[in-house]
There are 2 protein chains.
Amino acid sequence: MSPSGSQPSIFSRIIAREIPATIVAETEHIIAFLDIAPKAPVHVVVTTKDPQYQNVVELAAGNPALLAELVAVAEQIAAERTHGQFRLVFNTGAAAGQSVFHVHAHVMGSPELTDQLGEDSLGTL
Amino acid sequence: MSPSGSQPSIFSRIIAREIPATIVAETEHIIAFLDIAPKAPVHVVVTTKDPQYQNVVELAAGNPALLAELVAVAEQIAAERTHGQFRLVFNTGAAAGQSVFHVHAHVMGSPELTDQLGEDSLGTL
């Protein structure tokens, strides 16, 4: 149960192993798994195990050290899979593409360094 | 001069008012200005005044509180310009689209909530 009394998010159900996911990294406070609809050759979702923060704004205000830990896990994933080169994306609000209100980052990159992401690929906004 | 002895980044020159930019927010440690090649109706670059961190990985490891302050400024910009709905993007490494090695976030959104960014707009990766 989330603090608001609403249903657990899909991420909380993944963390509880109620829903299958390909988990690629896990620490005491952070978990990362493959995005089920990847938008890049490597596309991993990195989230906090604690569901109390809805978005990066709340996480940064409430627990900067946990945000830093999330970034460190993102870097570890990128070091293993994309030569440490990666895009880190936080969507805040439905109009910005946020669909799960449990703070998470998208880690996007490619194992092929020739597969440049480029500034022009920031999004079809 | 950056700590490595290389030339100041374009962001350091903007901070020093040596290069013009449309500055939209400024605090003791953070500055934000319009992206000169916007990829969204609202596209603002938010960076640290201190050039010592090359990317979000270094910033998170070296100064989590400053990363949190950067996110708070991003949120303030979004509150003023995009109803608080925004995408926050950090590129790490040239292959991920980073062209200035002075940590910065892209804040992207729209003043029109009908102009949905959507999960599908995460990038042409």
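Looking across segment B:84-103 at every residue that is facing chain A (nearest Cβ under 7 Å) and part of a loop (DSSP other than H, G, I, E, B), the one that is most open to solvent (accessible area, probe 1.4 Å) is identified as B:SER99. Highlighted here are the strands (runs of 3 or more DSSP E) found entirely within segment B:7-78 that include at least 3 residues which are away from chain A (no Cβ under 12 Å) and open to solvent by less than 50 Å² (accessible area, probe 1.4 Å): B:30-34, B:42-48.
Return a yes/no flag: does segment B:8-22 have any residue that is in contact with a helix residue (DSSP H, G or I) (Cβ under 7 Å, 6 or more places away or on another chain) and either of a type in the set (A, V, I, L, M) or over 21 Å from B:PRO64 (Cα atoms) (or both). Yes: segment B:8-22 contains one or more residues that are in contact with a helix residue (DSSP H, G or I) (Cβ under 7 Å, 6 or more places away or on another chain) and either of a type in the set (A, V, I, L, M) or over 21 Å from B:PRO64 (Cα atoms) (or both). Filtering segment B:37-70 to residues that are out of contact with any strand residue (DSSP E or B) (no Cβ under 8 Å at 6 or more places or on another chain) and among the acidic types (Asp, Glu) leaves B:ASP50, B:GLU58.
The values are calculated or read from the model by the stated rules, or taken from the named source; none is laboratory data. Since this is a predicted model, take the numbers as computed values, not measurements. Reconstructed Cβ throughout: ideal geometry from the backbone, glycine too, with neighbour counts over all protein chains shown. Only protein heavy atoms, including side chains, enter the accessible area calculation; ligands, DNA and RNA are left aside. Shrake-Rupley method; radii C 1.70, N 1.55, O 1.52, S 1.80 Å.
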